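Colleague: First the structure, then my questions, so here it is.
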Amino acid sequence: MLDPRQARALAQLMSDTTEQVLWQGWQQAGGYHLTRLTCRPGRGRATYHRHDPGAHHHEIVYGTHMVADKADPGHCAGWLSTREIRQRGYWQGEVSMLNLLAHTCCHEFAHLQQSLTGVRRRGQVHTPRFYQLLDDLHQCGAADTVRDTLFELARARQLPLSATPHTLPAEPRERLAAYAPGDAVLFGQAPDVRTGQVIRVNRKTCTVMGTGRHRGLRFRVPPGLLWHQEAG
């Protein structure tokens with residue numbers, strides 16, 4: 001288990017790596033020199049990209065509780081990045097703390113690319129075009145560079161960042177342990193993926209209050225169809 005200081009330090013390494021590897025590399029390849037990017041650790045689980053069009057400023061936040069979750073096999077199963085690594089075959093589908101944190105950098109950076117290239121629309125975030133951008137980051141070797149950089153920086157600073165594959169929980173009760181009231185989640189299956197906030201953890205399901213276009217609706221969602229948001 002990570003202590004809060006270690007989790008924050010790793011979130012800072014993710015921020016530094018995103019700026020120095022992904023952002024600088026993309027600027028060199030395609031411009032966007034009038035656009036600024038700031039990456040920083042956040043206090044909770046919230047992990048997201050946002051931008052201010054008027055100021056040409058983008059921000060990526062990596063939640064310290066997200067980092068701690070991804071160090072824990074019992075809690076990492078509830079994150080969208082786990083599903084993406086397994087279903088899309090990134091790093092041969094191997095889920096480890098190192099792979100999860102490196103992939104999270106790529107996931108949020110793909111949202112930045114989605115915004116800058118004009119292919120993001122309101123209410124349409126995890127689209128086929130988004131996943132094309134994310135696939136490209138893995139296929140071109142950028143994701144490997146992010147992973148290698150994170151690993152070397154963590155080792156130099158004596159921070160725990162394990163490359164050992166996680167053994168993921170299979171039982172719904174274990175999956176439920178990954179969620180708490182207030183967590184922002186995704187649920188459902190494409191193309192009808194919904195967003196919401198957990199308001200109660202029940203014996204076999206979570207009660208979720210819908211957000212966005214499903215605001216005001218309540219859902220009882222099994223943990224197998226529920227994922228922590230890594231938002232755009």
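Colleague: Tell me, please, whether a residue that is in contact (Cβ under 8 Å) with a residue 60 or more places away in the chain and either under 20 Å from TYR131 (Cβ atoms) or in a helix (DSSP H, G or I) (or both) can be found in the range 36-46.
Modeller: no
Colleague: Does HIS126 satisfy the criteria of being in the same structural domain as LEU101 (by TED's automatic domain parsing), buried (at least 19 other Cβ atoms within 10 Å of the Cβ) and modelled with pLDDT under 85? Before the answer, list the steps.
Modeller: Details: in the same structural domain as LEU101 (by TED's automatic domain parsing): yes; buried (at least 19 other Cβ atoms within 10 Å of the Cβ): yes; modelled with pLDDT under 85: yes.
So HIS126 passes the test.
Colleague: Go over the candidates THR207, THR195, THR149 one by one and state the one that is surrounded by 13 or more Cβ atoms within 10 Å (Cβ to Cβ), at pLDDT 85 or above and outside the structural domain of CYS76 (by TED's automatic domain parsing).
Modeller: Just a single option satisfies the conditions, and that option is THR207.
Colleague: Considering only the range 210-224, I want to know if a residue exists there that is at pLDDT below 80, under 18 Å from the mean Cα position of the chain (by Cα) and within 30 Å of THR117 (Cβ to Cβ).
Modeller: Within the range 210-224 (the criterion being at pLDDT below 80, under 18 Å from the mean Cα position of the chain (by Cα) and within 30 Å of THR117 (Cβ to Cβ)), the answer is no, since none of the residues qualifies.
Colleague: Only one of these conditions is not met by THR18: (1) outside any loop (DSSP other than H, G, I, E, B); (2) within 30 Å of VAL198 (Cβ to Cβ); (3) out of contact with any Cys (no Cβ under 7 Å at 6 or more places or on another chain). Which number is it?
Modeller: All conditions pass for THR18, except number (3).
Colleague: Say whether the condition of being among the β-branched types (Val, Ile, Thr), at pLDDT below 90 and within 19 Å of LEU2 (Cα to Cα) is met by at least one residue in the range 102-114.
Modeller: no
The rows are residues; the columns are (1) at pLDDT 80 or above; (2) polar (S, T, N, Q).
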site: THR35; (1), (2): no, yes
site: HIS49; (1), (2): yes, no
site: PRO53; (1), (2): no, no
site: HIS65; (1), (2): yes, no
site: ASP69; (1), (2): yes, no
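Colleague: Scan GLU84, GLU19, GLU94 and give me the residue that is of a type in the set (D, E, K, R), within 29 Å of LEU225 (Cα to Cα) and in contact with a strand residue (DSSP E or B) (Cβ under 9 Å, 6 or more places away or on another chain).
Modeller: That would be GLU94, the only listed residue that is of a type in the set (D, E, K, R), within 29 Å of LEU225 (Cα to Cα) and in contact with a strand residue (DSSP E or B) (Cβ under 9 Å, 6 or more places away or on another chain).
The values are calculated or read from the model by the stated rules, or taken from the named source; none is laboratory data. Because the structure is a prediction, the values reported are computed rather than measured. Virtual Cβ from ideal backbone geometry, glycine too; neighbours counted across all protein chains shown.
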